[in-house]
Amino acid sequence: MIEITNELHELIYKNSVWPQDLLENLRDPDYLSVNFDSYMQGTKAEVVFLDEGKKIISNYYFNSKGFVQKIEMIENESTFTVYSRIDEIVKILIKTDNIQCLQEITNLLAA
């Protein structure tokens, strides 16, 4: 259970990318633009870049605290999810198998 709690803690309280990190990509000549818009109570960042000559769009969705919640890519008119914080949390919670274990984990994370 401690392993699951640690995994959940990492997913909930750690962040792999911040909105300002995306601006650093503009130093790379393959990155064409980074645009920010408000989205729900957070921010959506659209990053446009070239990969092997093909234009790729990545959308990053951040909550109000700047934590990335979802990353999706659009390539050749197809959209696919690269990362979803909620999906990752659900995968870990499924490992708990019972509500008592889930309650214990919730209590540990709230402490």
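Summary table below
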quantity	calculated
Test: residue 71 is modelled with pLDDT of 95 or more and either open to solvent by less than 70 Å² (accessible area, probe 1.4 Å) or not β-branched (Val, Ile, Thr) (or both)	yes
Residues of region 1-14 that turn out to be in contact with a helix residue (DSSP H, G or I) (Cβ under 9 Å, 6 or more places away or on another chain), at pLDDT 80 or above and assigned to a loop (DSSP other than H, G, I, E, B), as a count	0
Among the candidates 91, 65, residue that is within 15 Å of the chain's Cα centre (by Cα), assigned to a loop (DSSP other than H, G, I, E, B) and of a type in the set (Lys, Arg)	65
Filter result (modelled with pLDDT of 95 or more, out of contact with any Lys or Arg (no Cβ under 9 Å at 6 or more places or on another chain) and either of a type in the set (S, T, N, Q) or closer than 22 Å to residue 12 by Cα (or both)) within region 44-68	44, 45, 58
Residues of region 36-49 classified as open to solvent by less than 60 Å² (accessible area, probe 1.4 Å) and hydrophobic (A, V, I, L, M, F, W, C), total	4
Complete set of residues in region 15-61 that are within 13 Å of residue 73 (Cα to Cα), among the hydrophobic types (A, V, I, L, M, F, W, C) and either free of Cβ contacts under 8 Å to residues at least 24 places away in the same chain or touching a Ser or Thr at 6+ places or on another chain (Cβ under 6 Å) (or both)	47, 48, 50, 56, 57
Scan of region 1-35 for residues that are open to solvent by 80 Å² or more (accessible area, probe 1.4 Å) and among the aromatic types (Phe, Trp, Tyr), ordered by number	13, 18
Residue selected from region 15-43 under the condition assigned to a loop (DSSP other than H, G, I, E, B), within 13 Å of the chain's Cα centre (by Cα) and under 17 Å from residue 64 (Cβ atoms), by the criterion modelled with the lowest pLDDT	15
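The values are calculated or read from the model by the stated rules, or taken from the named source; none is laboratory data. Note that the structure is predicted; figures quoted are calculated from it, not measured. All Cβ positions, even for glycine, are placed from backbone atoms using ideal geometry, and neighbour counts span all protein chains on display. The protein model used for the area step is the full one, side chains on, heavy atoms only, and it has no ligands, DNA or RNA in it. Shrake-Rupley method; radii C 1.70, N 1.55, O 1.52, S 1.80 Å.
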